[in-house]
Structure formats: C-alpha cells, structure tokens
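Asks: Dumping the structure here so I can ask a few things about it.
Each reported figure results from applying straightforward, stated rules to the coordinates on display, with no laboratory input. Because the structure is predicted, anything quoted here is derived from the model rather than measured. Note that each Cβ is placed from the backbone with ideal geometry, even for glycine, and that neighbours are counted across all protein chains shown.
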Amino acid sequence: MKITSSVHMVGGSNLTSQMDCCVYLLEAKGKLILVDAGAGQDVKGLSDNIAEAGYDLSDIDILLLTHGHIDHIGGAWVVKKASGCEVVAHEGDKRAIEGYDCSKTAADVYGLEYRPVKVDRTIGDGEALIPGEQDGVLNAIHIPGHTPGSLALVYDPGGIEAKVLFAQDVHGPLSDEWGSNREEWQRSLARLLSVGADVLCEGHYGPIRSKERVESFIRGFL
Ligand SMILES: [Zn+2]
Ligand SMILES: [Zn+2]
C-alpha cells in the first residue's frame, strides 16, 4: 500500500500475519529503511509486499525497531539475515530486543517464542537516524510510556512533501509488565501532537492522513 511517493505499508494484520504490527518501508536520503519487522509469522508475505513496492527485502539498509514488543520485533532476525541491515533502537528497550528480558516482549500474550536480534546502534531523542545527516529530515523522538524505550521517527522532506510521523503504538495499551508509565505516555502524546504531521503511520491503525485527522487521533488518547 503506497502512502506517499517514498513511504509504503508492507505489513500489517490485513496485509500479512494477523499478529503483525503495521510495517512501513521508507526510502529517504539514499537509504531503504524498514520501520518495525512484524511478528515474523509471514516472512513470504512481507517480502512479496516489499517486492510489489519495487524493492527487495535484501536491499534494506536500516531496520528501526520502535519498541521491544514481539508484534514489532519478532521478524527482525529474518530481516537482518536477508539484508545484513543495521538494527537501530532506543537504549530503553535494548535488553528486551536482545532477549535478556523476555517478559518485556509480550511474547506470552501472543503465544510466540521470541528469537532475539542484536541492536547494532541505539539512538536517542532528537538524534538523526542516519549518522552525520544533521539536517532534520529523519529524526528520532523518544516517546516513553507504552514501553520505556519507545521511539518515533519524523520524516520531514520539506517543501510541499508530506511530513510523516512513524509513531507506532500511539494508542498504547499500558502494562506494568512492560514498564509502561501513564504520565510519560501522556507527555509523549503531547510531544507527538507538537510535530504537526501530515500523515501518522500508526502501529495497528495503519496510516492516518491529514493534519486534522492526525491531531484528533492523538487527542483521542489524551
Ligand atoms: Zn504493537
Ligand atoms: Zn507495543
């Protein structure tokens, strides 16, 4: 599913496995970036959808993991194996992603066994996804709340192009088991509102288009 000229949705409960989060593919600054990997239950479907968008799974340069839940990271090892991509996440969810704290992955909720992947690089609030590219086109926002290390990515190509916010599990839910924090979550939602995105790529609701709809979607949880 094409979202903008450079953003596609290539995985999700209606596109691949029912257990998958929405998986987004973005080509920017000469890099092919996958935002989350899904649960890893329908790798063929994910790979076919990437091909339909005009790319190949093996071409992925960066896999950004927005947080450590299995519906987002379960397929990470497959993407890494197929492409040799760099796996990027926030320090706060690194232990879950690397398999040291499996209660934080929600694998039990899904009844899946998690196969861990190494985080090659961590990024924090305000940092550029691509090292050395400090022009504000592809920047991370740390949005703790759903999990301690939840990350959003803002893609702002400028001009008349849409500003796209990849914020994944904006809607929550919250659980003590995952280290969720309601106050931090509300603060993070307020920060996401301040981005003024034209498109919100959500983790389970799919793409939400237009500034007004994005705003009212986020406000709905505040
Ligand atoms: Zn999710
Ligand atoms: Zn989640």
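Asks: Of all chymotrypsin sites (Phe, Trp or Tyr not before Pro) in the stretch 52-136, which ones are in loop regions per DSSP and have a Cβ with at most 10 other Cβ atoms within 10 Å?
Replies: Answer in residue order: TYR100.
Asks: Excluding ALA76 itself, what net charge comes from residues whose Cβ is under 10 Å from its Cβ, given Lys and Arg +1 and Asp and Glu -1?
Replies: +3
Asks: Just to be sure I understand the model, the point goes 7 Å from the Cα along the line to the Cβ. What's the resulting GLU177 to ARG95 distance in nm?
Replies: In this crude label model, GLU177 to ARG95 measures out at 1.8 nm.
Asks: Follow-up. How much length, in nm to one decimal, is gained on full extension between ARG213 and ARG121, taken as 0.36 nm per residue of separation minus their Cα-Cα distance?
Replies: Full-extension gain reported as 29.8 nm.
Asks: Under the Karplus relation 6.51 cos²θ - 1.76 cosθ + 1.60, θ = phi - 60°, what is the ordered set of whole-Hz ³J(HN,Hα) values for the stretch 101-113, x standing for Gly and Pro?
Replies: 8, 5, 5, 7, 8, 6, 4, 5, 4, 8, x, 10, 9
Asks: Each residue of the stretch 58-67 in turn: what ³J(HN,Hα) in whole Hz from Karplus with 6.51, -1.76, 1.60 and θ = phi - 60°, glycine and Pro shown as x?
Replies: 6, 8, 5, 8, 9, 10, 8, 9, 6, 5
Asks: Still on this model: How big is the gap, in Å, between the Cα center of the stretch 52-111 and the Cα center of the stretch 146-222?
Replies: So the separation of the two Cα centres works out to 19 Å.
Asks: Please report, for the Cα atoms of the stretch 95-222, the Rg to one decimal and the Dmax as a whole number; what are they, in angstrom?
Replies: Cα-based Rg and Dmax for the stretch 95-222 come out at 15.3, 45 Å.
Asks: Only bridges whose two residues both fall in the chain count here: according to DSSP, what percent of them are antiparallel, nearest 5?
Replies: Percent antiparallel among DSSP bridges in the chain is about 65.
Asks: Among ILE218, ILE50, GLY84, which residue has its Cα positioned farthest towards the positive end of the charge dipole of the chain, with +1 placed on the Cβ of Lys and Arg, -1 on the Cβ of Asp and Glu, and the dipole taken about the Cα centre?
Replies: ILE218
Asks: Report the charge-dipole magnitude of the stretch 1-146 in Debye, nearest 20, computed about the Cα centre from +1 at each Lys and Arg Cβ and -1 at each Asp and Glu Cβ.
Replies: Using only the charged Cβ atoms, the result is roughly 160 debye.
Asks: Ratio of Rg to Rh for the stretch 116-167, alpha carbon only, Kirkwood?
Replies: Rounded to two decimals, Rg over Rh is 1.01.
Asks: While we're on this one: Under Stokes-Einstein, with the Kirkwood radius over Cα pairs standing in for Rh, what whole-number D in µm²/s applies to the chain at 37 °C and 0.692 mPa s?
Replies: Value of D from the Cα-based Kirkwood radius: 195 µm²/s.
Asks: With +1 on each Lys and Arg Cβ and -1 on each Asp and Glu Cβ, how big is the dipole of the stretch 104-179 about its Cα centre, in debye rounded to the nearest 20?
Replies: Charge dipole, the stretch 104-179, about its Cα centre: 140 debye, nearest 20.
Asks: What are the ³J(HN,Hα) couplings of the stretch 178-190, residue after residue, when phi is run through the Karplus curve with 6.51, -1.76, 1.60 and θ = phi - 60°? Round to Hz, x for glycine and proline.
Replies: 8, x, 5, 8, 4, 5, 5, 4, 5, 4, 5, 4, 4
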